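**Student:** I have a structure here, written as structure tokens, and I will follow up with some questions on it.
The values are calculated or read from the model by the stated rules, or taken from the named source; none is laboratory data. Everything quoted here is computed from the prediction, not taken from an experiment. Ligands, DNA and RNA are excluded from the accessible area calculation, which covers all protein heavy atoms including side chains. Shrake-Rupley method; radii C 1.70, N 1.55, O 1.52, S 1.80 Å.
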Amino acid sequence: MVPSGVDGTSPNLFQAVVDGLSDALTVVDANGCIIFWNNAACQLFGFTADEVLHRPLSIISSLDRDDGFRAIWHRLSSHEKVSAVQSTRLHKDGRSLPVTISYSPVFHPHGVLHSICLMFQTSTADTLEERFRLVVEAAPNGMILVDQAGEVVLVNSQVEKMFGYPQEELVGRPIEVLVPERYRAAHPGHRAGFAASPKVRMMGSGRELFALRKDGSEFPVEIGLNPITNSTGTFVLASVIDISERKRSEELVKSRDEALALSRLKSAFIANISHELRTPLSGIIGMNQLLRQMPLTIEQRELADSIADSAASLLTIVNDVLDLAKIESGKLTLNASPISVMSIVRDSARTLSEAARAKHLKLLTNIDYSIPDYLLGDPERIRQVLVNLLGNAVKFTPKGQVSVEAILENEESDLVQVRFTVRDTGIGIEKDKIEALFRPFSQLDDSPTRRYGGTGLGLSISKTIVETMDGEIGVDSEKGVGSTFWFVLPLRRMPGGTAAASEFVTLPPPAVAAPPPSPELTGRLVLVVEDSPLLRMMAQKQLEKLGVRSVSAATGLEAVELLRANSYDLILMDLNIPEIDGLEVTRQVRVMELPLAKHTPIIAMTAAAMKGDLDRCLEAGMDDYLPKPVLLEDLEAKLKQWLR
């Protein structure tokens with residue numbers, strides 16, 4: 001079919017001439033539609049003229065490309081030369097055909113582009129050049145061949161995918177079309193420098209590089225350069241890799257490392273803040289405890305009790321923040337030891353008995369006596385959860401009662417499932433707010449005028465503790481009626497049968513009156529190593545109450561000198577002391593004791609409650625630790641344990 005008005009030649013003569021050509025030829029109009037198709041084109045592509053006429057040229061291309069027809073039309077309209085390109089086209093049966101495409105413009109007499117004549121020559125690998133083209137096309141990287149003038153000579157299909165340009169639109173154009181605008185002005189100078197000293201440049205060498213897609217977006221690349229010289233001149237073959245995914249991975253790794261570093265800094269900061277807060281808190285609580293054991297007027301005792309309550313509330317907040325830090329850093333650990341469920345329940349209830357009595361609430365306990373006397377678990381963590389639930393129950397119950405019970409829910413060969421339940425007749429919880437209860441910092445009433453205080457961390461921490469023990473926690477509540485909080489724990493039986501009851505001690509409630517000096521402690525000599533004058537004085541007064549003599553040191557060096565000159569029954573050692581810290585003092589003590597075949601008990605008095613800090617105490621040679629604030633009854637128990 002002859003395109004009407006292409007030139008002055010008669011259609012029949014034009015048809016005869018082009019049908020005699022051995023190369024496939026087609027003519028495409030301004031819309032990209034085929035208006036002429038010769039016999040060689042029919043043979044090459046398998047389509048008859050009737051099947052392709054007035055259809056888009058993309059019929060012989062892959063479906064997702066237009067082969068840059070608009071760009072080629074624009075370049076030819078501007079009388080710009082478009083070089084022949086190596087490409088692939090589709091046969092009617094779907095086969096890919098390697099072809100060389102030449103473009104010739106057909107202009108109207110008045111100079112306006114009428115159509116484009118495309119000639120397709122089949123490519124074979126019969127020459128070295130064709131073999132080279134096939135190798136470039138098969139390469140997994142983007143491959144771009146550039147001549148001495150900086151014009152693109154050849155690109156492979158990977159470049160098309162990477163940059164969004166069809167081959168036809170790139171070949172014959174300056175390589176700078178692929179360079180971002182901010183680098184474009186300097187790029188010819190880089191090309192000239194490489195041309196002056198051409199040598200292979202390995203992938204990834206040099207500075208960070210960016211390339212420009214057809215849509216205007218930039219992306220990071222690595223480029224390897226290889227100079228090629230033949231009879232026609234010198235060329236540069238560039239191998240291009242899009243490293244966007246690698247960069248994203250590197251950014252993710254960097255972000256992760258930064259987050260881990262921040263987490264470590266936060267843990268260290270919280271540990272430091274814990275020490276700074278616990279030190280004055282220890283002084284307040286300890287001194288106030290000593291004060292309350294003195295003869296006081298009713299008004300003075302009320303003031304001392306208020307100080308005790310306020311300090312206890314502040315200590316709870318500090319402990320909650322520390323527990324949250326442990327959870328976030330993965331340092332919340334459990335210590336399996338023999339426990340008495342009965343003792344834990346009664347001790348927890350006793351802790352809240354004074355608060356319940358102040359609100360005229362009944363506080364009831366109920367323990368299933370079918371629960372084995374002793375099991376394996378973490379008594380402190382179980383007690384922490386129970387005290388938190390009981391504390392909330394007392395706080396949110398204006399009148400009525402609070403009860404705590406433990407029942408045997410299930411029993412297997414080596415596991416016993418115990419259900420702990422805390423019920424109250426308090427204000428209850430709305431159904432739509434129950435789900436948020438166990439989230440960190442969650443407050444059911446977060447208004448400025450809220451009636452009840454707290455950090456909103458207790459239930460979140462309790463949930464984590466229970467789930468770390470492979471247990472389950474939940475709540476049932478009705479607004480205005482009350483709430484029932486429960487948790488179920490799988491506890492292991494004691495190996496080797498039931499332990500003797502004498503192995504377990506339930507501490508008595510804190511006494512207001514000063515305990516009488518213990519005969520087994522009277523006259524014993526203890527070295528107190530503490531840099532805080534307040535805490536040093538408090539520890540010595542506590543020891544005096546227990547009938548224990550004491551000597552104090554404010555620095556690590558002072559402690560070492562005292563230990564070289566004297567013998568002590570026990571050492572109370574602060575960790576953060578000047579000159580030499582408590583860990584190093586302990587190491588030196590153990591070295592000094594080696595030739596003497598003696599071992600002085602060393603108990604750390606530490607405000608550092610992170611698991612790693614306590615481990616370091618034991619690794620340095622300490623025997624035990626007392627968390628600050630140190631209460632008189634806790635100190636007495638430790639002294640009796642190590643001085644018996």
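**Student:** Per residue of segment 106-122, in order, report the coupling 6.51 cos²θ - 1.76 cosθ + 1.60 (Karplus, θ = phi - 60°) as ³J(HN,Hα) in whole Hz, putting x for Gly and Pro.
**Tutor:** After applying 6.51 cos²θ - 1.76 cosθ + 1.60, I find 10, 9, 5, x, 8, x, 8, 5, 9, 6, 10, 9, 10, 10, 10, 10, 5 Hz.
**Student:** OK, next. Please list, in chain and number order, the residues 5+ apart from ILE367 or on another chain whose amide H is under 5 Å from its amide H, with Hs placed from the backbone.
**Tutor:** ALA406
**Student:** Tell me which aspartates and glutamates have Cα within less than 12 Å of LYS638's Cα, excluding those fewer than 8 residues away on the same chain?
**Tutor:** ASP623, ASP624
**Student:** Give the long-range amide H neighbours of MET605: residues separated by 5 or more places, or on another chain, with amide H under 5 Å away, using H modelled in the peptide plane at 1.01 Å from N.
**Tutor:** MET573, ASP574, LEU575, LEU626
**Student:** To make sure I understand the rule: partners must be lysines, Cα under 29 Å from the Cα of LYS463, and not fewer than 8 residues away in the same chain. Which ones qualify?
**Tutor:** LYS266, LYS326, LYS331, LYS359, LYS362, LYS395, LYS399, LYS431, LYS433, LYS479, LYS611, LYS628
**Student:** When all protein chains stay in place, what accessible area (Å², nearest 10, 1.4 Å probe) is found for PHE69?
**Tutor:** Its heavy atoms expose roughly 30 Å² to the probe.
**Student:** Only bridges with both residues in the chain count here: give the DSSP antiparallel percent, nearest 5. If you can, show how the numbers build up before the last one.
**Tutor:** On the way: 78 of 101 bridges.
For the chain, the DSSP antiparallel bridge percentage is about 75.
**Student:** How much area per residue is accessible in the chain when the probe is 1.4 Å and only protein heavy atoms are counted (Å²)?
**Tutor:** Numbers: 33190 Å² over 644 residues.
With the other protein chains kept in place, the chain gives 52 Å² per residue.
**Student:** Given the whole protein assembly as supplied and a 1.4 Å probe, what does the accessible area of TYR568 come to in Å², nearest 10?
**Tutor:** 20 Å²
**Student:** Please enumerate, by chain and number, the aspartates and glutamates with C-alpha under 12 Å from the C-alpha of LYS92, excluding those fewer than 8 residues away in the same chain.
**Tutor:** Within reach: GLU51.
**Student:** Where the Cα atoms of segment 530-644 are projected onto their three principal axes, how long is each span, largest first, in whole Å?
**Tutor:** Per principal axis, max minus min of the Cα coordinates gives 34, 31, 27 Å.
**Student:** Here's a follow-up. What are the ³J(HN,Hα) couplings of segment 396-404, residue after residue, when phi is run through the Karplus curve with 6.51, -1.76, 1.60 and θ = phi - 60°? Round to Hz, x for glycine and proline.
**Tutor:** 9, 10, x, 7, x, 8, 10, 10, 10
**Student:** Show the residues, 5+ positions off or on another chain, whose built amide H is closer than 5 Å to the amide H of ILE243.
**Tutor:** Long-range HN contacts for ILE243: VAL221, GLU222.
**Student:** Still on this structure: With a 1.4 Å probe and every protein chain left in place, tell me how much accessible area MET537 has, in Å² to the nearest 10.
**Tutor:** Per-residue accessible area (MET537): approximately 90 Å².
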